[in-house]
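S.K.: First the structure, which I've put down as structure tokens, then a few questions once you've had a look.
Every read-out reported here was derived from the displayed coordinates using simple, explicitly stated rules and does not represent laboratory data. Since the structure is predicted, the reported quantities are computational estimates derived from the model, not experimental observations. So basically every Cβ, Gly included, is an ideal-geometry build from the backbone, and we count neighbours across all protein chains shown.
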């Protein structure tokens with residue numbers, strides 16, 4: 001019987017087991033978990049689980065009345081993996097693994113490689129079929145492979161599906177929170193993103209997780225799209241629909257830590273298997289979670305294959321890797337005595353560093369056109385550098401420093417902004433060090449930090465004007481862009497996963513006008529290559545006057561590679577009108593106004609300003625030529641030349 005099983009392409013071979021133990025089986029998800037197949041004419045499911053320290057393992061489920069003694073799994077040759085073909089098991093059946101530990105305890109575990117899980121609070125795995133979905137995104141996939149991401153526009157809309165929109169809930173006690181199914185969500189969501197001109201979406205909380213309030217950052221099912229919104233093929237439909245509309249899909253991905261839920265990865269076979277055994281490395285004191293053991297090849301393979309799984313099986317275009325800093329530093333979030341040094345006596349996690357280099361090298365090789373994005377909150381060098389030169393190999397890094405400086409500045413009363421003037425210029429001093437994304441993410445609009453609108457000082461109408469000029473600075477600065485849902489129309493409240501966005505505000509004049517402005521700003525961003533084709537160097541950016549702190553005015557240019565359709569930006573960060581404000585310019589040319597945040601259609605005052613200005617040979621701030629512009633309070637002007 002064993003010889004026959006080895007001929008089945010689903011079954012684990014000796015080579016599979018060897019590569020998994022080496023940490024180089026990048027498609028191990030095709031063999032581990034639960035897979036429908038046929039053996040000797042009988043249709044059923046082949047189960048396989050890594051549990052090297054178990055005494056023995058049984059699979060239980062609907063198919064055997066959850067009898068823990070009926071289907072005893074076989075320990076394969078290397079002794080690390082248990083496997084069994086069970087006839088009659090089919091798609092939709094629930095199952096778990098019952099692991100008998102060395103000390104004769106029986107623990108029930110969900111399948112680490114399951115492609116589907118029960119809707120929380122239930123915790124069983126579900127037999128699923130990922131091959132039934134018919135993709136139709138070939139045009140997108142082919143173009144993606146040839147795209148130079150660094151030279152392409154990237155305006156990312158970060159979204160939490162469960163709170164973007166909700167159905168009315170008649171019985172809150174039932175646990176039904178009004179979630180949209182992936183398929184019904186797709187249609188209205190894609191239309192919104194297309195209308196606003198976002199190039200990509202970043203989806204939070206897709207991998208299965210037990211607690212809504214974790215937002216998906218404490219994962220129990222790394223290979224399972226959350227059942228909150230439907231089945232795996234429903235999620236495929238969403239990705240396919242976005243691709244057919246020309247919109248890329250990025251997922252949040254969490255290899256940093258996992259929760260201690262009894263049915264999950266923690267103490268999986270009765271021992272610290274997925275986590276470091278030493279609690280000084282294996283636990284995050286602040287988060288109450290376990291840390292993956294990057295010394296084990298199988299653990300690294302579990303995670304690298306997981307990245308490949310999302311990129312290949314679900315056609316995902318990129319992964320935003322959460323909490324990278326917590327993985328790089330052994331003392332992250334730990335006090336003295338709570339962490340252990342590496343062999344060189346410092347605080348770097350050498351295994352995690354090597355893991356990132358391995359991971360990013362394989363993604364680059366196997367998935368051309370896909371991106372890896374680091375949420376790294378320190379000044380760790382060469383995050384996006386080549387691993388061969390000591391870098392980590394990510395495609396992009398979130399610029400958390402820019403975000404902090406920007407929010408700190410924008411919150412200030414305008415009279416105080418001159419004292420923080422260089423908050424908005426500092427990021428360009430280190431811009432060339434990494435390939436950056438400028439993020440205003442969900443983290444900036446929760447935990448009493450206020451929504452972006454309510455961070456702004458002044459009267460209600462001033463808040464909108466502040467936000468328009470602030471967003472203009474963001475979208476004309478070097479770096480790709482990310483904006484969390486609701487902030488493009490000035491959501492009043494902080495974000496909560498418990499409620500949908502405040503869509504009713506779109507009918508309000510101020511909110512609707514801001515929304516209209518953001519659509520215009522995104523359209524302009526996509527239209528002009530000067531704003532995106534050379535983000536990571538000084539070829540496309542030049543300050544005209546970064547030093548006018550007395551007036552809190554900034555002026556700079558973004559230059560295209562071919563010298564055509566360059567853009568000049570002037571930002572007035574105060575409620576003071578500035579008539580005949582002189583700006584030094586690089587060329588004695590005509591400058592045509594292509595976007596003015598103070599237009600009435602955008603919620604501004606509608607102050608009349610020249611639609612075109614001509615430079616004259618008059619020195620200003622070191623430039624031989626200059627123009628005169630009239631700036632309304634909190635006005636942003638963008639000129640093309």
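S.K.: For residue 122 and residue 564, calculate 0.36 nm times their separation in residues minus their Cα-Cα distance, and state this gained length in nm to one decimal.
M.R.: Details: separation 442, 0.36 × 442 = 159.12 nm, distance 5.89 nm.
Taking residue 122 through residue 564 to full extension adds about 153.2 nm, to one decimal.
S.K.: Could you order the peptides 186-192, 425-431, 481-487 from most to least packed, using the average number of other C-beta atoms within 10 Å per residue? Each step should come with its number before you reach the end.
M.R.: On the way: 186-192: 16.9, 425-431: 15.3, 481-487: 25.0.
Result, highest mean first: 481-487, 186-192, 425-431.
S.K.: Would you mind checking the stretch 550-594 for residues with the amide N under 16 Å from a putative spin-label position 7 Å along Cα→C-beta of residue 610?
M.R.: 568-570, 578-594
S.K.: Once both axes come from the Cα atoms, what is the angle between helix 297-313 and the longest principal axis of the chain, in degrees from 0 to 90, rounded to 10?
M.R.: 60
S.K.: Label points 7 Å out from Cα along the Cβ direction at residue 14 and residue 389: separation in nm?
M.R.: Calculated label separation equals 4.4 nm.
S.K.: Could you put 327, 308 in order, starting from the residue whose Cβ has the fewest other Cβ atoms within 10 Å?
M.R.: Numbers: 327 24, 308 20.
The order, fewest Cβ neighbours first, is 308, 327.
S.K.: Would you calculate a helix-derived [θ] at 222 nm for the chain, using -39,500 (n - 2.57) for each DSSP H run of n ≥ 4 and dividing by the full residue count, to the nearest 500? Don't jump to the answer; show the numbers that get you there.
M.R.: On the way: 14 runs with 149 residues, N = 641.
Dividing the helical sum by the residues of the chain leaves -7000 deg cm²/dmol.
S.K.: Report the label-to-label distance for residue 177 and residue 413 in nanometres (one decimal), using points 7 Å from each Cα along the Cα→Cβ vector.
M.R.: 4.0
S.K.: Oh, and also: Kirkwood Rh over alpha-carbon pairs of the stretch 191-340, then Stokes-Einstein at 20 °C and 1.002 mPa s: what D in µm² s⁻¹, rounded to an integer? Each step should come with its number before you reach the end.
M.R.: Values: Rh = 16.6 Å.
Value of D from the Cα-based Kirkwood radius: 129 µm²/s.
S.K.: While we're on this one: Tell me, what is the percent relative contact order of the stretch 538-640, built from C-alpha pairs under 8 Å that lie six or more residues apart?
M.R.: Here the relative contact order equals 32 percent.
S.K.: Dividing the convex hull volume of the alpha carbon atoms of the chain by its residue count, what do you get in Å³ per residue?
M.R.: Numbers: hull volume 105.7 nm³, N = 641.
So the per-residue Cα hull volume is 165 Å³.
S.K.: Let me ask another. What is the spread of the Cα atoms of the stretch 2-126 along each of their three principal axes, largest first, in whole Å?
M.R.: Reported extents, whole Å, longest axis first: 37, 36, 25.
S.K.: Let me ask something else about it. Quick check on the stretch 68-124: what does the Kirkwood estimate of hydrodynamic radius come out to from the alpha carbon pairs, in Å? Each step should come with its number before you reach the end.
M.R.: Details: mean 1/r = 0.0761 Å⁻¹.
About 13.1 Å for the stretch 68-124.
S.K.: Quick one: if you stick a label point 7 Å off each Cα along the C-beta vector at residue 135 and residue 169, how many nm between them?
M.R.: 3.5
S.K.: In whole angstrom, how long is each semi-axis of the equivalent ellipsoid of the stretch 17-70, when you take the square root of 5 times every eigenvalue of its Cα gyration tensor and sort them from largest down?
M.R.: Values: eigenvalues 111, 60, 14 Å².
Value: 24, 17, 8 Å, ordered largest first.
S.K.: Listed highest first by mean packing, meaning other Cβ atoms within 10 Å per residue, what order do 560-571, 291-302 come in? Could the numbers behind the result be given before it?
M.R.: Details: 560-571: 18.1, 291-302: 21.1.
Sorting 560-571, 291-302 by mean packing, highest first, produces 291-302, 560-571.
S.K.: Nearest-5 percent of antiparallel DSSP beta bridges in the chain? Walk me through the intermediate numbers first.
M.R.: Details: 68 of 96 bridges.
Close to 70 percent.
S.K.: Using a Förster distance of 60 Å, how high is the FRET efficiency between residue 494 and residue 343, based on the Cβ-Cβ distance and rounded to 0.05? Can you show the working numbers first?
M.R.: On the way: r = 45 Å, r/R0 = 0.74.
The pair residue 494/residue 343 has a calculated efficiency of 0.85.
S.K.: What number results when the radius of gyration of the stretch 538-640, computed over Cα atoms, is divided by 2.2 N^0.38 Å? All intermediate terms of the calculation are to be shown ahead of the outcome.
M.R.: Working: Rg = 13.0 Å, N = 103, 2.2 N^0.38 = 12.8 Å.
Against the empirical 2.2 N^0.38 Å value, I get 1.02 for the stretch 538-640.
S.K.: Compute the length gained on full extension between residue 74 and residue 432: take 0.36 nm times their separation in residues and subtract their Cα-Cα distance, giving the result in nm to one decimal. Each step should come with its number before you reach the end.
M.R.: On the way: separation 358, 0.36 × 358 = 128.88 nm, distance 5.47 nm.
Working it through step by step, the gained length comes to 123.4 nm.
S.K.: List the relative contact order of the chain as a percent without decimals, with contacts defined as Cα pairs under 8 Å and 6+ residues apart. Please report the intermediate quantities before stating the final value.
M.R.: Numbers: 1395 pairs, mean separation 65.1, N = 641.
Dividing the mean separation by the residue count of the chain yields 10 percent.
S.K.: Using 18 Å as the cut-off for backbone N distance, which residues of the stretch 605-641 belong to the label zone defined by a point 7 Å from the Cα of residue 462 along Cα→Cβ?
M.R.: The answer is 605-606, 632-636.
S.K.: Rank by packing, highest mean first: peptides 17-24, 68-75, with packing defined as the count of other Cβ atoms within 10 Å averaged across residues.
M.R.: Working: 17-24: 17.9, 68-75: 15.9.
Highest-to-lowest ranking by the protection proxy: 17-24, 68-75.
S.K.: Could you give me the radius of gyration and the Dmax of the stretch 408-486, taking only the C-alpha atoms into account and expressing both in angstrom?
M.R.: In order Rg, Dmax, the Cα atoms of the stretch 408-486 give 13.1, 39 Å.
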